[in-house]
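The values are calculated or read from the model by the stated rules, or taken from the named source; none is laboratory data. Values in this document were obtained by computation on a predicted structure and should not be read as measured data. All Cβ positions, glycine included, derive from the backbone under ideal geometry; neighbour counts span all protein chains shown. SASA here: full protein model, heavy atoms, side chains in, ligands and nucleic acids out. Shrake-Rupley method; radii C 1.70, N 1.55, O 1.52, S 1.80 Å.
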Amino acid sequence: MKKLDCMNTITKTGIISVIRADNVNRAVELGKAVAEGGIKAIEVAFTVPKAHHALEKLYGIFEHSDILLGAGTVMDSETARIAILSGAEFIVCPHINIETIKLCNRYQKVIIPGAMTVTEVVNAMEAGGDIIKLFPSSVFGPKGVKAILGPLPYAPLVPTGGVNLENVKEWIRAGAVAVGVGGEITRVARKGNYKKVAETAQAFINKIKEVREEKNCC
């Protein structure tokens, strides 16, 4: 998938599902469940043991679909390259790592570095970040997004942390181009309830669609 198409997939759907699990098989099942719920961008965190194997398996499942696979909690360029070779089309970092950004731009993959302050957001954009992960966004809430967009109205922010079904509309209203959501979708799978994971994913999709329609009609 071309880089521009990947960015459009993330911003159009408005949500990245962050997959964290204690083994490869569980990560794959979670990935399948959130995709069933309508989420198009799936981020496999590299805190998952042998996360690249989970990416490879998901790539085999979704290779000929419109599902976009990515890797998260990527700390360095070496890990980023492993993820890309395993099928990742976007890379998410909790920080700004210049070598990782360079590598992703070299391979024309979407790079989403993490930032928290106005200075960090500017640094991330100047370094070549395509979308900026506002992290940990739970520290300041939706008002923090709006505050950062005051001096930086063009910043493509994706808050991650603290996003749930009760407040997801607030994040989008505040100006986020998308949100990153992990446990709020996937934690129900601890009892093997993958159907509930899909239903929760669909609920997030519906709420994001609703708030965007509200914004367009006003």
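Note on the range 67-77: residues that are open to solvent by 30 Å² or more (accessible area, probe 1.4 Å) and within 20 Å of GLU29 (Cβ to Cβ) total 1. Take the residues of the range 22-34 that are among the hydrophobic types (A, V, I, L, M, F, W, C) and free of Cβ contacts under 8 Å to residues at least 40 places away in the same chain: which is surrounded by the fewest Cβ atoms within 10 Å (Cβ to Cβ)? Here the residue is VAL24.
Residues that are touching a residue at least 40 places away in the same chain (Cβ under 8 Å) and under 16 Å from ASN97 (Cα atoms) within the range 53-82 comprise just one, GLY72. Being under 19 Å from GLY31 (Cα atoms), touching a Leu at 6+ places or on another chain (Cβ under 9 Å), buried (at least 24 other Cβ atoms within 10 Å of the Cβ) and not acidic (Asp, Glu) holds for only one residue in ILE91, ILE111, ILE132, and it is ILE91. Within the range 175-190, being open to solvent by less than 40 Å² (accessible area, probe 1.4 Å), within 16 Å of PRO136 (Cα to Cα) and assigned to a helix (DSSP H, G or I) holds for one residue alone: GLY183. Inspect all residues belonging to the range 100-113 and state whether any of them is over 26 Å from LYS2 (Cβ atoms) and modelled with pLDDT of 95 or more. No, that holds for no residue.
When GLU213 is tested against the conditions (1) acidic (Asp, Glu); (2) surrounded by fewer than 15 Cβ atoms within 10 Å (Cβ to Cβ); (3) at pLDDT 95 or above, the lone failure is (3).
Of all residues in the range 15-47, those satisfying the criterion of being within 17 Å of LYS191 (Cα to Cα), part of a loop (DSSP other than H, G, I, E, B) and touching a helix residue (DSSP H, G or I) at 6+ places or on another chain (Cβ under 8 Å) are ARG20, ALA21. Only one of the numbered conditions (1) over 30 Å from GLU210 (Cβ atoms); (2) open to solvent by 10 Å² or more (accessible area, probe 1.4 Å); (3) of a type in the set (Gly, Ala, Ser) is violated by ALA80, and that is (2).
Tallying residues that are loosely packed, with under 14 Cβ neighbours inside 10 Å and either assigned to a helix (DSSP H, G or I) or in contact with a Phe, Trp or Tyr (Cβ under 7 Å, 6 or more places away or on another chain) (or both) within the range 191-205 yields 2.
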